[in-house]
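The values are calculated or read from the model by the stated rules, or taken from the named source; none is laboratory data. Remember, predicted model here, so these are calculated numbers, not experimental data. In this analysis, Cβ positions are derived from the backbone assuming ideal geometry, glycine residues included, and neighbour counts consider all displayed protein chains. Quick note on the areas: whole protein, heavy atoms, side chains included, nothing else; ligands and nucleic acids left out. Shrake-Rupley method; radii C 1.70, N 1.55, O 1.52, S 1.80 Å.
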Amino acid sequence: MSLDTHGTHGTDEAREVAVMESPSVVAAKGEPRRFRPGSRRRDGSGAGREQDTVPYALRGTRRGKVLRGVLLGVVALATIFPFYAMVVLSLKPSGAVEFPGSLLPWNLTTSAYSDVLGSQDVPQWLINTLIYSIVGVLGTLLLSALAGYAFAKKRFPGREAMFWSFLSMVMVPYHVTMIPTFVLIAKMNGVDTYWGLILPSLANAQAVFLMRQFIQGLPDELFEAAKIDGASEFQIFVRIVLPLIKPIMATLGTFVFLWHWNDFLWPLIVGQSTDMRTLTVGIASLQQQNVPLNVVLAGSVVAFVPIFMAYLVGQRYVTEGVAATGIKG
Amino acid sequence: MAAVAEQPRRLRRRGPHARREARIGLLFVLPAFVLFVLFRFGPSIAGVLLGFTDYSLMDSPTFTGLDNFTRLWDDPVFWSSLKVTVLYTVITVPGTIVAAMGLALLTRRAFRGSKLFRSIFFLPVVTSLVLASTVFIWIFSTDGPWSTVMGWVGGHTGSWLADDVFVVPALAIVGIWSRFGYGMLILLASLQNVPRELEEAALTDGAGPWQRFRHIILPSLKPALFFLAVIETTASFQVFDAVYVMTGGGPANASYTLVFQLYDAGFKYFDLGYASAIGLALFVLTLIVAVIQRLVIGKEK
């Protein structure tokens with residue numbers, strides 16, 4: 001019954017060190033949920049190990065358990081319902097959709113999908129979204145790993161000032177910087193280009209902050225030893241730092257992927273031609289053009305499947321990341 | 001640990017070694033820092049400055065002092081979008097936090113299926129609101145499930161999205177749906193801080209579930225609740241995606257929010273100075289609300 005929800009992976013050891021080391025910086029920011037020493041359990045909830053130690057009386061009565069099951073079941077159904085409706089309606093022939101008849105999985109057809117995938121636009125939007133997301137993830141991970149390592153383990157003039165200027169920017173809402181960023185990109189002729197879309201999204205202060213936090217927890221001796229063995233800085237970074245930060249890269253990578261994939265406002269204002277739209281922008285435009293419901297929903301499903309798969313694969317990182325750092329999906 | 005780590009560094013602080021280290025450090029930070037100055041730091045300052053200018057991308061900005069802000073003050077559209085935004089926030093934030101709290105308490109202890117429930121509740125958080133909105137349009141349509149269910153319970157039938165009174169609550173429901181899972185995870189993590197001994201002691205003393213919640217669990221959750229309240233308020237103040245897709249600000253501006261106005265001013269009319277002023281107003285409002293929340297939640301202690 002007690003599943004191995006608290007078992008620790010080898011790779012997570014280093015992460016735990018980081019988690020233990022760094023609550024103070026975070027507390028200073030007034031966001032006490034980040035990197036709390038206690039958040040060491042796999043899913044951030046402490047489930048599993050706890051079960052054995054909870055006194056019987058706190059576990060609840062039988063009637064309480066049934067009630068809990070019913071309540072959770074109802075909310076879970078309500079939560080899933082839009083996803084179910086999205087998929088079923090996308091598989092219906094176009095025409096009237098009325099409740100509840102149209103929700104039954106009968107009379108299904110994939111015509112909406114062949115419309116969507118056979119169209120000129122949607123495959124192009126899918127490619128754009130993939131480029132935006134993948135380059136976004138790789139770029140953000142590389143830049144934040146380099147900067148995070150330097151902030152955590154190197155001494156150089158201006159280190160503190162730079163780091164705090166990074167941090168302070170987390171507070172400034174996106175909408176204040178969005179317009180000047182657009183003006184800058186427009187002046188650099190970056191409107192309707194991939195680089196104009198991607199480059200500003202790589203300036204991710206939160207990613208640098210998380211990387212620094214994590215790397216600070218890695219023992220200095222590892223780097224010292226490599227240096228004594230004659231490794232160059234580049235070799236140290238590639239051979240020692242990168243393998244050690246895999247856990248935080250997985251967490252951060254999953255989040256950055258989701259942020260990019262779901263991003264809407266920036267792609268909306270930068271990608272002005274039809275060819276430069278991302279899926280979210282494209283589907284919003286379909287919605288406004290009297291495209292039949294089943295086709296719009298088929299587009300939504302196409303855009304949703306990768307998110308769903310990323311969530312299935314990276315779920316552990318997502319839930320852990322939220323619980324330990326408070327980063328938002 | 002930190003102190004121990006510092007020591008060997010201090011010893012070799014000056015000298016060629018240290019200088020090389022500094023060079024490497026700067027080199028590693030440089031790419032991120034350049035992007036950061038270009039696309040965050042610079043634009044933050046520019047965003048504030050632009051708020052005091054008249055600028056349309058074609059010609060250079062002209063300084064107009066407080067003009068944008070007096071114009072904002074006299075603009076009925078601003079007050080209406082502020083009202084819509086506040087109404088949306090007032091429904092969404094408590095709704096999200098209450099739902100998150102309830103589900104966190106229910107899934108707090110492991111039981112068979114508890115992980116599955118948590119995964120389901122978190123799924124909307126990772127889903128793009130634009131995508132979800134396409135199906136919510138149908139859910140809230142005249143023949144859709146929502147008005148049918150409302151018919152059964154005697155609520156307002158007909159499309160909520162087409163009704164100027166019910167459009168904001170409808171959007172708020174979508175907002176709550178998309179975010180309660182996040183709050184649930186934050187609270188679940190925080191529930192581990194609740195001292196077990198206290199709960200057991202209270203139980204022995206015959207404290208009921210409500211008393212245990214009120215006097216033992218709630219106080220330990222305060223920091224997490226404050227964090228959530230600020231995060232959720234900020235997010236709600238910036239609501240845009242769902243509005244853009246589901247209502248376009250309508251009917252008759254009944255769901256026209258602040259960020260929608262900012263978007264229109266900036267990218268429909270290219271009135272970039274005015275749009276920046278709206279952005280600043282949004283920032284200041286968010287700060288004020290955060291301070292109030294701090295006072296309210298922090299005070300009780």
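Would you mention how many residues in the stretch A:45-90 are modelled with pLDDT under 60, open to solvent by 10 Å² or more (accessible area, probe 1.4 Å) and within 7 Å of another protein chain (Cβ to nearest Cβ)?
Residues that pass the stated criteria total 4.
What are the residues in the stretch B:161-202 that are over 13 Å from B:Pro124 (Cα atoms), open to solvent by less than 10 Å² (accessible area, probe 1.4 Å) and touching a Pro at 6+ places or on another chain (Cβ under 8 Å), if any?
B:Val167, B:Ser190
Within the stretch B:196-297, considering only helices (runs of 4 or more DSSP H) that don't extend past its boundaries, which have at least 2 residues that are in contact with a Gly (Cβ under 9 Å, 6 or more places away or on another chain)?
Where helices (runs of 4 or more DSSP H) fall fully within the stretch B:196-297 and carry at least 2 residues being in contact with a Gly (Cβ under 9 Å, 6 or more places away or on another chain), they are B:218-237, B:241-246, B:258-267.
Any chance you could count how many residues in the stretch A:165-189 are of a type in the set (A, V, I, L, M), more than 7 Å from chain B (Cβ to nearest Cβ) and crowded, with 20+ Cβ neighbours inside 10 Å?
Counting residues in the stretch A:165-189 that are of a type in the set (A, V, I, L, M), more than 7 Å from chain B (Cβ to nearest Cβ) and crowded, with 20+ Cβ neighbours inside 10 Å gives 2.
Would you mind finding the one in A:Ala310, A:Ala303 that is assigned to a helix (DSSP H, G or I) and within 7 Å of another protein chain (Cβ to nearest Cβ)?
A:Ala303
State all residues of the stretch B:246-270 that are under 24 Å from B:Phe52 (Cβ atoms) and touching an Asp or Glu at 6+ places or on another chain (Cβ under 8 Å); if no residue qualifies, say none.
B:Ala265
Residues of the stretch A:284-300 being in a helix (DSSP H, G or I) and touching a residue at least 60 places away in the same chain (Cβ under 8 Å), which ones?
Matches in the stretch A:284-300: A:Leu293, A:Asn294, A:Val295, A:Leu297, A:Ala298, A:Gly299, A:Ser300.
When you scan the stretch B:238-259, do you find a residue that is within 19 Å of A:Val170 (Cα to Cα), touching a Ser or Thr at 6+ places or on another chain (Cβ under 9 Å) and more than 8 Å from chain A (Cβ to nearest Cβ), even just one?
Looking for residues that are within 19 Å of A:Val170 (Cα to Cα), touching a Ser or Thr at 6+ places or on another chain (Cβ under 9 Å) and more than 8 Å from chain A (Cβ to nearest Cβ), one finds at least one in the stretch B:238-259, hence yes.
List the helices (runs of 4 or more DSSP H) that sit entirely inside the stretch A:192-231 and contain at least 3 residues that are acidic (Asp, Glu) and surrounded by fewer than 21 Cβ atoms within 10 Å (Cβ to Cβ). Show your work before the answer.
Details: elements: A:194-198, A:205-216, A:220-228.
Here the list reads A:220-228.
In the stretch B:82-115, what residues are open to solvent by 20 Å² or more (accessible area, probe 1.4 Å) and touching a residue at least 40 places away in the same chain (Cβ under 8 Å)? Steps first, answer last, please.
Just the residues of the stretch B:82-115 that are open to solvent by 20 Å² or more (accessible area, probe 1.4 Å), to begin with: B:82-83, B:86-87, B:90-91, B:94-95, B:97-99, B:101-102, B:105-106, B:108-113, B:115.
If the condition is that a residue be open to solvent by 20 Å² or more (accessible area, probe 1.4 Å) and touching a residue at least 40 places away in the same chain (Cβ under 8 Å), then B:Leu82, B:Leu87, B:Ile91, B:Gly95, B:Ile97, B:Ala99, B:Met101, B:Leu105, B:Arg108 are the ones that fit.
Any residue in the stretch B:131-154 that is more than 9 Å from chain A (Cβ to nearest Cβ) and touching a residue at least 12 places away in the same chain (Cβ under 8 Å) sitting within a Cβ distance under 6 Å of a residue that is open to solvent by less than 10 Å² (accessible area, probe 1.4 Å) and part of a helix (DSSP H, G or I)? List the pairs, counting only those 6 or more apart or interchain.
B:Phe140/B:Ala170
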